[in-house]
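In what follows, a single structure is set out as structure tokens and then discussed.
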Amino acid sequence: MTAERPVQAVILAGGQGTRLRPLTHARAKPVVPLLNRPFLAHQLALLRAHGIADVILACSYRVDDVRRALGDAEHLGVSLRYVVEEEPLGTGGGVRNAADLAAGTIFVLNGDILTDVDLSAMVRFHEAHGARATIFITRVADPRQYGLVELDADGRVRRFREKPPADEPLTTDTVNAGAYLLDAALLGRIPAGRVVSIEREFFPELIADGIPCFGWPAPAYWRDIGSPAAYREAQLDLLEGRARMLLPPPGALRDGSWFGDGAVAAADARIVAPTALGERVHVAARARVGPGAVVGPESRIGPGAVVEGAVLWERVEVGEDALLQGCVVGADVRIGARARVGPDVVLESGAVIPERTTLGGRAS
Ligand code: GTP
């Protein structure tokens, strides 16, 4: 019997995103802007490119943000349905909640991974191995932050080890990338109505019960955008071509930069590629934006200001001769004239930075 091609995906989008605070105080992680689009729009573009158009979002924390940003996602070529946990049920509980809407072989994705992985190749692997669960695995420099996945010689998963402590010897550098193909019938194994971890409970139990569960190593771009540094770097990866851009920023591409509708730069301002300016951004005289800058809609960059390697959300006001390098700036932030905001600084939405303030020290 040949399995039917998967057409459905469940995206886990209910976490609090504590590592991405304070940005996630203002907006749920699944819809923080990435190149001026809600993050999940990039995942939906990947799914759609592989023929997956029926998507179920397992939400909990700040679900209204997600609905506002994505709606039913018809404009993105997919149909989005929401299942909402009143109390967060964990990664396993979130998927369990979607079980009534899911059938056949389904993708399950963590709602915070940016990847261009070939999902169609994953389906072929899954079918060729007679798997009931396939886990996309990837190599990372810092495996202890993730779930280690140990494989047998034939690719079957032997052991899962979630976030091992520093004193435990590492047995592998391949980790769970947070993208799975599952036989939806397996979801019935997840107990309803209580917190369940897919990584710590569901998968280890599948393995213990001898259910064919395979690891699929794919040479794809992959990044968990769950920390401020990774969130910023993911956008540079897309702008600078290290990750395949499945969904470009809104606007027209000119000289290697994107200009959203109504974005304007003064004649002697410089927009240095690659940069993405959102709709109605205004860049004043003598200012320089880029390289590697993402400026949210309706932001205003003051005369002589410099913004490079930085991500700004919407309606940010940057004062005259201010300098922003390598930072992340939430919505409606006001940065005073001649202020300096350096690498790794994250400014909460609504923050006001007085004139001549220096934050982060390393801006030069
Ligand atoms: P941190 O607190 O920064 O670790 O982020 P997080 O809350 O998102 O947790 P984590 O990164 O471990 O979550 C992985 C994925 O699962 C993310 O896409 C989360 O949105 C999602 N997730 C985590 N917990 C839940 C939950 O209780 N319910 C649902 N539906 N999704 C969850």
Using 0.36 nm times the number of residues separating residue 120 and residue 344, minus their current alpha carbon distance, what extension gain do you get?
77.0 nm
Could you order peptides 150-160, 229-239, 125-135, 265-275 by the average number of other Cβ atoms within 10 Å of their residues, highest first?
229-239, 125-135, 265-275, 150-160
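Given the DSSP H assignment, sum -39500 (n - 2.57) over each helix run of at least 4 residues in the chain and divide by its residue total; what's the result at 222 nm in deg cm²/dmol, nearest 500? Don't skip to the end; give the middle numbers.
Numbers: 7 runs with 59 residues, N = 364.
That comes out to -4500 deg cm²/dmol.
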Listed with the fewest Cβ neighbours within 10 Å leading, 122, 245 appear as 245, 122
Rg/Rg_globular for the chain, with Rg_globular taken as 2.2 N^0.38 Å and Rg from C-alpha atoms
1.04
The long-range amide H neighbours of residue 11, using H built 1.01 Å from N in the peptide plane and a cut-off of under 5 Å, are 56, 57, 58, 109
So in the range 1-137, what percent of DSSP beta bridges are antiparallel if you round to the nearest 5?
10
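Before anything else, pin down the relative contact order of the chain: Cα pairs under 8 Å, at least 6 apart, normalised by residue count, whole percent. Walk me through the numbers before you get to the answer.
Numbers: 943 pairs, mean separation 47.9, N = 364.
It comes to 13 percent, rounded to a whole number.
So if I place +1 on the C-beta of Lys and Arg and -1 on the C-beta of Asp and Glu, and nothing else carries charge, what would the dipole magnitude of the range 8-227 be about its Cα centre? I want it in debye, nearest 20.
Working: 24 positive and 27 negative charges, 86 e Å.
Here the range 8-227 has a charge dipole of around 420 debye.
Which whole-number percentage describes the relative contact order of the range 267-364, with Cα contacts under 8 Å and a sequence gap of 6 or more? Each step should come with its number before you reach the end.
Details: 336 pairs, mean separation 17.7, N = 98.
That works out to 18 percent.
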Among the DSSP beta bridges whose two residues both lie in the chain, what percent are antiparallel, rounded to the nearest 5?
30
Footprinting proxy, 264, 318, 281: sorted fewest to most Cβ within 10 Å, the residues are 264, 281, 318
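Throughout, read-outs are computed from the coordinates displayed, never taken from laboratory work. Because the structure is predicted, anything quoted here is derived from the model rather than measured. Glycine also receives a Cβ, built like all others from the backbone with ideal geometry; neighbour counts cover every protein chain displayed.
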